[in-house]
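A.B. asks: Sending over a structure as structure tokens; questions will come in a sec.
What follows draws every value from the coordinates through simple rules; no lab data is involved. Keep in mind it's a predicted model, so treat the numbers as computed, not measured. Cβ atoms come from the backbone with ideal geometry, glycine included; neighbour counts cover every protein chain shown.
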């Protein structure tokens, strides 16, 4: 379980930054409710302001995301499908240990592939940034990791107390 948490943390961080960048061309994050979409800030604009991105950098980042989006989407769908297959194999009335093990290994391979794809996107975005902007981005990641850890530590404590 510990290794899954270690895998989820960097994926969540990369997803957070990727989502922020993907939202650039939108007035807000897409949600099911039009009202909540209007209340959400444009995360790319916030990030652009925090990192002091130039228009050329924003355009370059947008183009990079657009070019890598189909590949990442396919990888994400693959992970989702393999997660569902693992869940189905494990929740069978009499689960086959070999099938469950193989499904788990296939899921881990897909997750590793998705992680590598996200790291590739992040590296492409980083290459557009100046050294000072990279330091600022690293600082934002540290804050995000601390918030993520604090949130999950709180949730884990509440779960343990209720057990």
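A.B. asks: Taking the Cβ-Cβ separation of residue 102 and residue 74 as r and a Förster radius of 22 Å, what is the calculated FRET efficiency to the nearest 0.05?
C.D. replies: For residue 102 and residue 74, the calculated efficiency is 0.55.
A.B. asks: Can you give me the distance in nm between label points at residue 116 and residue 151, each placed 7 Å from the Cα along the Cα-to-Cβ direction?
C.D. replies: It works out to 2.9 nm between the two label points.
A.B. asks: Sketch the reach of a paramagnetic label on residue 56 as a point 7 Å from Cα along Cα-to-Cβ, and name the residues of segment 129-143 whose backbone nitrogen lies under 18 Å away.
C.D. replies: 129-134
A.B. asks: Another question about this same structure. Length gain on complete extension for the stretch residue 84 to residue 67, per 0.36 nm per residue less the alpha carbon to alpha carbon distance?
C.D. replies: 3.3 nm
A.B. asks: Whole percent per 10 Å bin, from 0 to the bin with the longest distance: what is P(r) over all C-alpha pairs of segment 96-137?
C.D. replies: Histogram of Cα-Cα distances, whole percents per bin: 27, 28, 20, 15, 9, 1.
A.B. asks: Can you give me the distance in nm between label points at residue 49 and residue 93, each placed 7 Å from the Cα along the Cα-to-Cβ direction?
C.D. replies: Each label point lies 7 Å from its Cα, and together they span 5.9 nm.
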